[in-house]
Amino acid sequence: MSDRMEPVIIIGGESGLAAARAALTVGLRPVVLHAGAQPVGSWSDYYDSLTLFSPARHSALPGMPFGGDPDRYPRRDEVTAYLRRYAQAIDVDIRTRTRAVAVHARTGGGYLVRTDAGDDLPAVGIVAATGSFGNPHLPTLPGQGEYAGDLRHVAGYRGPETYGGKRVVVVGAGNSAVQVAYELASHARVALATREPVQLLPQRIRGRDLHHWLRVTGADRLPRAVITRLVRHATVLDTGRYRDAITSGELPRWDMFTAFTPDGVVWSDGTTEPVDAVIFATGYRPDLDYLTPLDALDRGVPRQAGGISTTHPGLVYLGLEFQRTFASNTLRGVGRDAAYVMSALAAHADGRRRLRQGRRTADHHRPALAA
């Protein structure tokens, strides 16, 4: 088997599917590994009411429109169904219930991917597209270990029904924190705990969704360096309902508490309050432990530029926040990044193939040793 035909191992959900399609366009035949029962990423594990903040017309992967009303905001189960259809439409080898547990460099180039079944799969390159849902970030505060209430990351939250009548604190100032706190407010006594006031952005401007303006102005494609200078704090897209809820006190915002007590929290002014549950919506970190044998990470963060590894030829990444642009880790933006990194990976595979062919030609013309 030539290096050109060796499998490219793609690990992940929507990012992996976008990479699989991009791989086909550059002449690679990928093998897609997915730990779950369906190649839909982590979408089926998100909370029940999760709704995209971009309308359907701006939420599709390359080559397949979302379908339905283009101005609606798809919910979690719609996204899951869409990704299922997308996977079925791609002519690649998708292996579900197969988890990559370690990636090792092969002698002479390329990689071996060890799966949880004990198989070793050879690969000319690796696309690490696992995203971050499997690695939620849970801060540690004084007294946290003694807190007896329900403490979880939003990754483990499903719906508001089990919180009826309880005192709940949601920690975070991003979209997930505000969306979850808002829906809990009609079932429980809720406080939104943040270090700074929540930054709200209008969902619609001059009758058009914000994502329309991001596209036509080119803001969606601004490079990472520009975006990180402009966007310094988490922002929440709002039709006006969140602003009204916070202003009216329906969803009160409190300064972040400083510690836990066994039955509650200590607020910034020193007062204590019993709290039944605390939900941290404090983001995620890259889920890339399987790359540890390569020494390609810096404290869990990939060493990369624009999704291309700076330590290992043939290793690329997808689905990282601000990987190349503002939209990099979104359904609407990952396709552009996929085309970029798969072109680089195809060039690497082609170089490996030519190197091998050159060696074979040299061996063919080498004089036989005298007897």
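Observations on the structure shown:
- Of all the options 177, 259, 191, the one that moves most in a Gaussian network model of the chain with Cα springs shorter than 10 angstrom is 259.
- Fraction of accessible area attributable to carbon and sulfur, the chain (%, probe 1.4 Å): 51 percent
- Each label point was placed 7 Å from the Cα along the Cα-to-Cβ direction; for residue 204 and residue 26 their separation is 4.0 nm.
- Dividing the summed helix terms, -39500 (n - 2.57) for each DSSP H run of n ≥ 4, by the number of residues in the chain produces a 222 nm estimate of -8000 deg cm²/dmol to the nearest 500.
- Label assignment, semi-axes √(5λ) of the Cα gyration tensor in Å derived from the structure, set [x] 53, 32, 17; [y] 35, 24, 22; [z] 44, 24, 18: [z]
- The phi torsions of the range 52-68, fed into the Karplus equation with coefficients 6.51, -1.76 and 1.60 and a -60° offset, translate into couplings of 4, 9, 10, x, 4, 5, 10, 10, 9, 7, x, x, 8, x, 5, x, x Hz, rounded to whole numbers, with Gly and Pro shown as x.
- For the range 105-122, the Karplus equation 6.51 cos²θ - 1.76 cosθ + 1.60, evaluated at θ = phi - 60°, returns couplings of 6, 8, 4, x, x, x, 9, 10, 9, 8, 9, 5, 8, x, 7, 10, 9, x Hz by residue, with Gly and Pro reported as x.
- Cα gyration tensor category, rounded, prolate or oblate, for the range 1-135 with a/c compared to 1.5: prolate
- Between the amide H of residue 236 and those of 199, 200, 201, distances stay under 5 Å, these residues lying 5 or more places away or on another chain, with hydrogens modeled in the peptide plane.
- The range 114-272 shape via C-alpha gyration tensor axes, a/c threshold 1.5: oblate
- DSSP-defined antiparallel bridges as percent of all bridges, the range 116-258, nearest 5: 15 percent
- Projected label points at residue 321 and residue 354, each 7 Å from Cα along the beta carbon direction, are separated by 4.0 nanometres.
- Model label points for residue 107 and residue 38, set 7 angstrom from Cα along the Cα-to-Cβ axis, are 4.5 nm apart.
- Note on residue 146 and residue 196: with the Förster distance fixed at 41 Å, the Cβ-Cβ geometry gives a FRET efficiency of about 0.90.
- Among 304, 38, 88, the largest mean-square fluctuation in a Gaussian network model of the chain, built with springs joining Cα atoms closer than 10 Å, belongs to 88.
- Label point at residue 91 placed 7 Å out along Cα→Cβ; residues across the range 16-32 whose backbone nitrogen lies under 20 Å: 17-32
- Other residues whose C-beta falls under 13 angstrom from the C-beta of residue 341 contribute a net charge of +2, scoring Lys and Arg +1 and Asp and Glu -1.
- Whole-Hz ³J(HN,Hα) from phi, Karplus 6.51 cos²θ - 1.76 cosθ + 1.60, for the range 192-199, glycine and proline x: 9, 9, 9, 7, 9, x, 5, 8
- Label-zone membership for the range 160-179, site residue 48, 7 angstrom Cα→C-beta point, backbone N under 18 Å: 160-166, 179
- Subtracting the Cα-Cα distance of residue 295 and residue 244 from their residue separation scaled by 0.36 nm leaves 13.5 nm.
- Taking all protein chains as shown and a probe of 1.4 angstrom, residue 279 keeps an accessible surface of around 0 Å².
- Anisotropy class of the range 1-65 from Cα gyration tensor, a/c 1.5 cut: oblate
- Here the extension length gained between residue 69 and residue 161 equals 30.2 nm, from 0.36 nm per residue of separation less the Cα-Cα distance.
- FRET efficiency, residue 303 to residue 213 (Cβ-Cβ, R0 30 Å, nearest 0.05): 0.30
- Solvent exposure of the chain, expressed per residue, is 48 Å² of accessible area, with all protein chains present and a 1.4 angstrom probe.
The values are calculated or read from the model by the stated rules, or taken from the named source; none is laboratory data. Not measured: the values here are computed from a predicted model. In this analysis, Cβ positions are derived from the backbone assuming ideal geometry, glycine residues included, and neighbour counts consider all displayed protein chains. Side chains are part of the model used for accessible areas, which takes the heavy atoms of the whole protein and leaves out ligands, DNA and RNA. Shrake-Rupley method; radii C 1.70, N 1.55, O 1.52, S 1.80 Å.
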